[in-house]
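Data first, discussion second: the structure below is written as structure tokens.
What follows draws every value from the coordinates through simple rules; no lab data is involved. It should be emphasised that the depicted structure is a prediction, and the values quoted were computed from it without experimental measurement. Every residue, glycine as well, gets a Cβ built from its backbone with ideal geometry; the counts of neighbours run over all protein chains shown.
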Amino acid sequence: MNTQVKELWEKTLNTLKGELTEVSFNTWIKSIEPISLENSNLRLGVPN
């Protein structure tokens with residue numbers, strides 16, 4: 001995963017932390033990981 005993807009995801013996480021309750025963030029968002037960025041599309045991975 002490249003630096004651009006990591007930076008974009010960190011900014012997104014910070015925004016979501018400000019919008020969601022801690023419980024909601026930890027339940028639904030925290031375990032999501034960025035996979036790739038192609039053609040302005042961010043691909044995310046989630047636990048199975």
Exercise for the section: Name, by its number, the condition in (1) touching a residue at least 12 places away in the same chain (Cβ under 8 Å); (2) out of contact with any helix residue (DSSP H, G or I) (no Cβ under 9 Å at 6 or more places or on another chain) that does not hold for residue 18. Expected result: (1)
Handout entry: Selection count where residues are in a helix (DSSP H, G or I) and among the small types (Gly, Ala, Ser), scope the stretch 1-35
Key = 2
Handout entry: For residue 4: the one exception among (1) surrounded by 13 or more Cβ atoms within 10 Å (Cβ to Cβ); (2) in contact (Cβ under 8 Å) with a residue 24 or more places away in the chain
Key = (1)
